[in-house]
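Let me begin by presenting the structure, written as C-alpha cells, before commenting on it.
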Protein chains: 2
Amino acid sequence: MALVTRLQHTVVFRLVHAPGSAEEAAFLATARGTLTAIPGVTDFTVNRQVSPKSDLTWQFSMVFADDAAYAAYDAHPAHRGFVETRWVPEVAAFQEYDLVVEQPAG
Amino acid sequence: MALVTRLQHTVVFRLVHAPGSAEEAAFLATARGTLTAIPGVTDFTVNRQVSPKSDLTWQFSMVFADDAAYAAYDAHPAHRGFVETRWVPEVAAFQEYDLVVEQPAG
C-alpha cells in the first residue's frame, strides 16, 4: 500500500561541463528523453537554479502518483543505466529532496 | 524590466522544534498566514521533505510572476518581520533555491 501520494522528487545539481556548452545541452536533452520515458514519471521539468545562495545550477523535478511509483522508477533499468553512464561521470555535486504537500491545519 | 519570469522561490529547512509539536504547527501556520498575505506571492505551499538523503524536513515554495515581484516580496516589511521574529530564532538549518523552468531545446 502506498504510504504517501503525490510525491515530488527533485534533485538540484551542478555539471562538470561548462555553462552553455554542447556537453551541457546534450546531458539535459538525454536526461529529459530518458527519464520521461520511464513509467510513472509525470510533470518532468528541467529548471535553472538561479539563487546565488547555492552553487548548484540545475534542478530536475518529477511527480509520482505515490511512493510505489517512485520506487518502481528508481529501480527501472533505464534510470539505473542513466545514473551509471551519464549522471555519475557528468555531475559534480548534487542534493536530492522529496516533497509531499502539507495541507493547512484545521 | 524583469530579467526572469515565473520564478519559483523555495527554501528547505529544519526547525528547532520537535516534530509534531505545537511549536512546529504554530510556526507553519504563522508562516502560511504571513507570507501568503504579501503581494506577489502565488502558489504558496508547505511541503514535508521526506528523502532520507537530507536532514532538512520542511520546504516552503512560492511562485512570483517575475524577479521584480520577488524582490518586492523580499523587501516587504511583513517578510522582513517574519524573518527577524520567527525564522531566525526557530529555524536550525536551511537552504534556498530559486528555480526557472528551462524549455526543451529545439
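Data table
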{"read-out": "Candidates B:Thr45, B:Thr30 - the one that is part of a helix (DSSP H, G or I) and open to solvent by less than 60 Å² (accessible area, probe 1.4 Å)", "value": "B:Thr30"}
{"read-out": "Sole exception among (1) assigned to a strand (DSSP E or B); (2) crowded, with 17+ Cβ neighbours inside 10 Å for A:Phe82, by number", "value": "(1)"}
{"read-out": "Test for B:Val12: is it under 17 Å from B:Met62 (Cα atoms) and touching a residue at least 60 places away in the same chain (Cβ under 8 Å)", "value": "yes"}
{"read-out": "Residue that is most open to solvent (accessible area, probe 1.4 Å), among those in region B:88-106 that are away from chain A (no Cβ under 14 Å) and out of contact with any strand residue (DSSP E or B) (no Cβ under 7 Å at 6 or more places or on another chain)", "value": "B:Val88"}
{"read-out": "Candidate set from region A:11-45 (those that are under 16 Å from A:His79 (Cα atoms) and touching an Asp or Glu at 6+ places or on another chain (Cβ under 7 Å)); member that is nearest to the other protein chains (Cβ to nearest Cβ)", "value": "A:Val11"}
{"read-out": "Qualifying position, being of a type in the set (Gly, Ala, Ser) and in a strand (DSSP E or B), among A:Ala65, A:Ala71", "value": "A:Ala65"}
{"read-out": "Enumeration of residues in region A:58-79 that are within 14 Å of chain B (Cβ to nearest Cβ), surrounded by fewer than 17 Cβ atoms within 10 Å (Cβ to Cβ) and under 15 Å from the mean Cα position of the chain (by Cα)", "value": "A:Ala71, A:Asp74"}
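The values are calculated or read from the model by the stated rules, or taken from the named source; none is laboratory data. All of these numbers come straight from a predicted model, not from anything done at the bench. Note: ideal-geometry Cβ built from the backbone for every residue, glycine included; neighbour counts use all protein chains shown. Protein only, heavy atoms only, side chains kept; ligands, DNA and RNA dropped before computing areas. Shrake-Rupley method; radii C 1.70, N 1.55, O 1.52, S 1.80 Å.
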